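The values are calculated or read from the model by the stated rules, or taken from the named source; none is laboratory data. Quantities reported herein were computed from a predicted structural model and do not represent experimental measurements. Cβ sites come from the backbone with ideal geometry, for glycine too, and all protein chains shown count toward neighbours. Please note that ligands, DNA and RNA were not included when accessible areas were found on the heavy atoms of the full protein model with its side chains. Shrake-Rupley method; radii C 1.70, N 1.55, O 1.52, S 1.80 Å.
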Amino acid sequence: MIARTEALIAGLGEEEALARAAAYAEAGADMILVHSKQKTPDEVERFARAWSGRLPLVLVPTSYPDLDAARIRALGKVKMVIYGNHAIRAAVTSMQSVFRRIRADGGIKSVHQDIVSVEEIFRLQGMDLVKANETRFLK
């Protein structure tokens, strides 16, 4: 179980965040997720350096892109990083770009070669299994 402390986000400070993390550890959590609404990783890095508990930490660096893998490894206590919304943000960026091109070109000809095939979408969705089950249930 990952226990998330919101103390930093709530503006309650590092001491409260550490106390909550310790309480979560005592209650049986497996990992501690610490997050901050700051635009730099400083607050989270300070928390990690101050954390003396036995549980590993989880970070969600959505708001601080400067917190790269090397900095995270240097903290020595982080065992998981969640890039919670980066895939959906990338997908939206790509969709916006494709539709701008379609509108500008008046059709899909110029984007067709740059996007995955419909067959790949079906493969990702497991349509072969759906078709197999449909056949089995329709008999």
Roughly how many Å is it from the Cα centre of the range 29-43 to that of the range 68-139, as a whole number?
28
Going by accessible area, probe 1.4 Å, with all protein chains left in place, what is the ranking of TYR24, TYR64, TYR83, largest first?
TYR83, TYR24, TYR64
Calculate for the chain the 222 nm mean residue ellipticity that helices alone would give, adding -39,500 (n - 2.57) per DSSP H run of length 4 or more and normalising by residue count, nearest 500 deg cm²/dmol.
-15500 deg cm²/dmol
Long-range amide H contacts for VAL78: which residues qualify at under 5 Å (H placed 1.01 Å from N, peptide plane, sequence gap of 5 or more or a different chain)?
LEU57
What is the Cα radius of gyration of the chain over 2.2 N^0.38 Å, N being its residue count?
1.55
The ³J(HN,Hα) series, computed from each phi in the range 80-87 with the Karplus coefficients 6.51, -1.76 and 1.60 at θ = phi - 60°, rounded to the nearest Hz and given as x for glycine or proline, is 8, 10, 10, 9, x, 10, 5, 5
Ordering of 13-22, 120-129 by burial proxy (mean other Cβ atoms within 10 Å per residue, highest first):
13-22, 120-129
With all pairs of different alpha carbon atoms counted, what Kirkwood hydrodynamic radius in Å does the range 18-81 show?
11.9
Projected convex hull area of the range 83-129, Cα atoms, direction-averaged, in nm², equals 4.2
Just going by the charge dipole of the chain, with Lys and Arg at +1 and Asp and Glu at -1 on Cβ, which of ALA23, LEU8, HIS35 is farthest out on the positive end?
HIS35
Along the range 93-108, Karplus-curve 3J(HN,Hα) (6.51, -1.76, 1.60; θ = phi - 60°) to the nearest Hz, with x for Gly and Pro, reads 4, 5, 4, 4, 4, 4, 6, 4, 5, 4, 5, 5, 8, x, x, 9
